[in-house]
Amino acid sequence: MDHRSIPSITFHYDKMNRYSTMQVQEMRGRGRRLPRYRLLFEFPLAFLKGYLVRGYCRYGWWGLIASTNYAVSRYLRLAKFVEAELMEQSGRPAKHPSPSAQHKKA
């Protein structure tokens with residue numbers, strides 16, 4: 001059976017955007033702290049994890065795409081987290097729509 005939970009790249013990026021917003025809200029709600037230096041390492045390490053550890057390298061070009069998308073999703077979550085912290089420090093609220101509002105648009 002050929003099952004793909006990601007029918008298209010557009011679908012996957014929309015899903016990553018929604019999920020990363022929800023993850024940041026949850027992490028900040030629990031008071032989690034993330035070091036900003038992770039911005040330097042998150043993408044390359046996540047790519048290697050996807051490509052080598054998760055074995056996406058076995059799927060040719062699709063594996064390369066999947067590994068890159070995995071790394072982007074990890075980086076996006078971290079970037080949104082840092083953005084929210086910076087906005088809070090500057091006294092401005094983060095301008096992220098609620099996940100339910102994003103879901104309604106899709």
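No value in this document is a laboratory result; all are computed from the given coordinates. None of these values were measured; they are calculated from a predicted model.
Multiply the residue gap between residue 41 and residue 14 by 0.36 nm, knock off their C-alpha separation, and tell me the result in nm, one decimal place.
Details: separation 27, 0.36 × 27 = 9.72 nm, distance 2.36 nm.
Using 0.36 nm per residue and subtracting the Cα-Cα distance, I get 7.4 nm.
Under a no-solvent Debye model with one identical scatterer per Cα of segment 9-94, what's log10 I(q)/I(0) at q = 0.22 Å⁻¹?
-1.05
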